[in-house]
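This report refers to the structure that appears directly beneath it.
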Amino acid sequence: MPSFLFISLLLSFIHFSFSLPSIGVTYSTTTTTASPPPDKISATISTLKIPNVRLPDADPSLIKAFAFTNTSLFLSIPNPLLPAVAANRSLALRWLYRHVLPFYPRSKITLISVGNAVLDSVAEQDFTPYLLPAMRNLHLALHELGIKKIPVSTTFSFFSTITTAFPPSSAEFQQPAGDLIIKPLLQFLEETNSSFLINLYPYNLYRLNSEIPVGFALFQDYPFNFRDDLVTGVRYFNLFDMMADSVLTAMAVMGYESVPVIVAETGWPSGGGEAGEVEANEAYAEMYLKGLVRHLKSGVGTPLKKDGVAEVYVYELMDHEGGNNDNNKVKGRKWGILTENMTRKFNVDISSGVKNYGLMGIFLFLIAIFYALP
């Protein structure tokens, strides 16, 4: 009996160690200043022991620089290419021949997002009719090349996709995009064993709602620092979980609660932005990142899903001169965990808890087998 109990506890430990969310970082280039050499970016990522990197700008030289590093790469196809990829599978193949085939599997490409936050740009140019056809063409092109382990998805923004986060149990997908775009897309993701990707920024929601205490957005353990969902009776201790559970609720309403969720972007600016953004400072940015990492590595998941989100990508690796290079964000904000000179701003370890515990889990598993022998 003691040996059985010992084995059970060790197996539980191993399961826990391998089910923690994976934490990564986004690295985006800029057109205003020269970017560091790809080899330097790859070496920096390896030094920081960051296991996953999201590359919104899938430059082939950058993808090549991650060969044999064991760093997982999350690539993206820019929105303007969606109409062409949707219309012709040969163009999807052409993109793969340039960005994937020369490097895979030496470069560990694990996910491709077809477009990013397409619902945010509808007023300027509507890419939504091309979204699912482009995803299907890329998926079929990958299989045509014999590559069956790279899932295809697309990335949405929380604010253009979800109706509300207060309370999470009332959240739904915004209409008409919910029924016309997201529901068939969720079916595709389920059929192809892919994930739902969402950009999730508690900072932006905090700035839009003056009733949210800043400590609630920063994972701080203050007295009365919680919010209750009066419909479900669930108590929330941070804004990140409320937003994540809002996404999970909206997916469940459509019958796709089993599709994994990946947070493609999250972060807190350490400076810049518009006048009056006093919360965009290094102290708060460090508090948010430390709280996020601590929460993810705790393995508690979210109140509605014990496994929580599957992966989280911090936006972003480094600051850029003049601010970020993303048209979907306020110009001038500094989101990087590194300065423009690639020096560390925060003492935050976002290396994956999965790898930290994995070898120990295997070691203890072998001990368990030894003790179980008669």
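What to note about this one:
- Positive-pole candidate from S153, Y206, S121, dipole of region 99-233, charges at beta carbon: S153
- Inter-label distance, D126 to E190: 2.7 nm, where each label sits 7 Å from its Cα along the C-beta direction.
- The Rg/Rh ratio of region 209-342, with Rg taken over Cα atoms and Rh as the Kirkwood radius over Cα pairs, comes to 0.99.
- For region 186-286: rounded, prolate or oblate by the Cα gyration tensor [a/c cutoff 1.5]: oblate
- Backbone phi angles across region 312-321, fed through the Karplus curve with coefficients 6.51, -1.76 and 1.60 (θ = phi - 60°), yield HN-Hα couplings of 9, 10, 6, 9, 8, 5, 9, 6, 10, 4 Hz in residue order; Gly and Pro are listed as x.
- Modelled label positions at S160 and Q175, each set 7 Å beyond Cα in the direction of Cβ, lie 2.1 nm from each other.
- Size of electric dipole in the chain: Cβ of Lys, Arg +1 and of Asp, Glu -1, about Cα centre, debye, nearest 20: 1200
- Net charge of Cβ neighbours under 12 Å - reference K183; Lys, Arg +1; Asp, Glu -1: -3
- Surrounding net charge for W268, when Lys and Arg each add one and Asp and Glu each subtract one, Cβ distance under 9 Å: -2
- The shape of the chain comes out rounded: with a ≥ b ≥ c from the C-alpha gyration tensor, a/c is under 1.5.
- Backbone amide hydrogens, once placed in the peptide plane, bring T164 within less than 5 Å of E172, excluding anything fewer than 5 places away on its chain.
- Computed from label points 7 Å out along Cα-Cβ, the spacing between I147 and V214 is 4.5 nm.
- With a Förster radius of 30 Å applied to the C-beta separation of T47 and E340, the computed FRET efficiency comes to 0.95.
- Proximal charge balance of I63 [Cβ under 14 Å; K/R count +1, D/E count -1]: +2
- When you restrict to C-alpha pairs under 8 Å that are six or more residues apart and normalise by the size of the chain, the relative contact order lands at 22 percent.
- Proximity of backbone amide H atoms, modeled 1.01 Å from N, is registered between Y236 and R227, D228, D229 at under 5 Å, excluding neighbours fewer than 5 places apart on the same chain.
- Accessible area of W268 in the full protein assembly, 1.4 Å probe (Å², nearest 10): 10
- Hz values of 3J(HN,Hα) by residue in region 36-41 - Karplus curve (6.51, -1.76, 1.60), Gly and Pro given as x: x, x, x, 4, 5, 4
- The overall shape of region 25-160, judged from the alpha-carbon gyration tensor, is oblate: a/c is not under 1.5, and a/b is no greater than b/c.
- One decimal place: the segment S90-K183 gains 30.8 nm when fully extended, by the rule 0.36 nm per residue minus the C-alpha distance.
- Cross-link pairs beyond the 20 Å C-alpha cut-off, checked among K49/K148; K108/K149; K305/K334; K290/K345: K49/K148; K305/K334
- Antiparallel content of DSSP bridges confined to the chain, in %, to 5: 20
- In order along region 235-246, the phi-based Karplus estimate (6.51 cos²θ - 1.76 cosθ + 1.60, θ = phi - 60°) of 3J(HN,Hα) comes to 9, 10, 10, 7, 6, 4, 5, 4, 5, 5, 5, 5 Hz; Gly and Pro are listed as x.
The values are calculated or read from the model by the stated rules, or taken from the named source; none is laboratory data. Computed from a predicted structure; not experimentally measured. No Cβ is skipped: glycine too gets one built from the backbone with ideal geometry, and neighbour counts run over all protein chains shown. Quick note on the areas: whole protein, heavy atoms, side chains included, nothing else; ligands and nucleic acids left out. Shrake-Rupley method; radii C 1.70, N 1.55, O 1.52, S 1.80 Å.
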